[in-house]
Amino acid sequence: NDEFEGNGSIDTSQWHHQTQLPNGNSWFNGEIQHYTDRLDNSYVSNGTLKIVAKKETYTDQGHTKDYTSARLNSKYAFTYGKIEARAKLPEGVGTWPAIWMLGQNIDELGAYWQTQGYGSTPWPQCGEIDIMEHWGSNQNYVQSALHTPSSYGGTINHGGQYIPNATSQFNLYTLEWNEEKMIFSVNGNEHYTYQPNNQNMETWPFNSPQFLLMNIAIEPGIESNFIQTELEIDYIRIYEEITLENKLN
C-alpha cells in the first residue's frame, strides 16, 4: 500500500517514473505529452499524491512537445487480489487519466519491469486491466475495461457508470480479481464483471502477475484554453489473495 504521507518526492522504492518514449518519438494512442520525473508533474503533499498535467513547451529525448504529465509504474506485481484506489479525477476535454494494470512481462521500452529483465511478451498478449479511465469529453463517466488477444483496442469488454462528483470529490475505485472473474466498482457499486465462458490465453492472460500504473494522458483534441489539471490519489491499497503457492513461497 501507499498512503502518500509526507511532502515532496514520491517513494521511489515503490514507484518508477516511466518517461522513455516507447516508439522513439511519441506515446501510443496519438498522445501528445511528455511524461517526466519532475516534481512539477508528480509529488506528494498534505496526504495525497498529485499527478499533474500541464501545458508547457518541454524537450526530452530529442523531441519537443507542448504538454507534460507523469506516468507511474508500481514496483510490485501480483496475481489475484483486491485493489482499492481512492481518487479525485482531473477535468478538461482532452484529458485522459487512468488507474490501470499491465502484465509484468510486457515488452515495452522504459517500463519498470522491462528494465528489470521481465519484458518477454507484447501487448495485448500480456493483458491489460483498466480499473478506472475517464475522458474529459465525457465528464464524470468512469469506465473499466479489459484488453486481451481476443478483444483489444476497441474492446468489447468494458462497463462503467456516471459519478456526479468524480472530479470534485474523492471516490473509491475497486477491482476484485480471482481465478474466475474480475469485478469493478465505485464506492461499492458494481458496474462491470468480466468472466469469459472459455478461459484461455486469448481471453484470460490474467493468471500471471500484473503491476499498477497511474497517469494522465493528453489527447490531440485538448482544449486550446487548457492550462493545468491533476489526478489526486489519497491512497492505493492492494490485498493479495492467499493461495497455496503464496504460502509455500
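At a glance:
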read-out	value
Formal net charge of residues neighbouring Thr19 (Cβ-Cβ distance under 9 Å; K, R +1; D, E -1)	-1
By accessible area with a 1.4 Å probe, ligands and nucleic acids excluded, highest first: order of Leu172, Leu212	Leu172, Leu212
Simple Cβ-charge dipole of the stretch 147-249, Lys/Arg +1 and Asp/Glu -1, about Cα centre, in debye nearest 20	100 debye
Positive-end residue of Asn7, Tyr43, Gln61, charge dipole of the stretch 1-66 with Cβ unit charges	Gln61
Ratio of the Cα radius of gyration of the stretch 40-171 to 2.2 N^0.38 Å, where N counts its residues	1.14
Nitroxide proxy distance, nm - points 7 Å out along Cα→Cβ at Gln14 and Gln116	1.5 nm
Cα-only Debye scattering, the chain: base-10 log of I(q)/I(0) at q = 0.09, 0.12, 0.16 Å⁻¹	-0.36, -0.67, -1.26
Unit charges on C-beta of K, R, D, E only; dipole of the chain, Debye	140 debye
Cβ-derived FRET efficiency at R0 25 Å, Tyr162 paired with Gln195, nearest 0.05	0.60
Number of Lys pairs (Cα under 26 Å; 8 or more positions apart or on different chains) in the chain	15
Separation in nanometres of the label points that stand 7 Å from Cα toward Cβ, at Leu109 and Arg38	2.3 nm
Evaluated over the stretch 146-190, the Cα radius of gyration and Dmax, each in Å	12.8, 36
Förster-model FRET efficiency, 30 Å R0, Asp60 and Asn187, C-beta, rounded to 0.05	0.20
Summed residue charge, Cβ within 9 Å of Trp96's Cβ, Lys/Arg positive, Asp/Glu negative	-3
Cα Rg over Rh - the stretch 1-94, Kirkwood	0.98
Simple spin-label estimate for Arg237 and Gln139 in nanometres, 7 Å along Cα-Cβ	3.2 nm
Computed over the stretch 103-217, Cα set: Rg, Dmax in Å	14.8, 43
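The values are calculated or read from the model by the stated rules, or taken from the named source; none is laboratory data. In this text, all values refer to a predicted model and were calculated from it rather than measured experimentally. For neighbour counting, all protein chains shown are included, and Cβ atoms are generated from backbone atoms with ideal geometry for every residue, glycine included. Accessible surface is based on the protein model in full, side chains and every heavy atom, while ligands, DNA and RNA are left aside. Shrake-Rupley method; radii C 1.70, N 1.55, O 1.52, S 1.80 Å.
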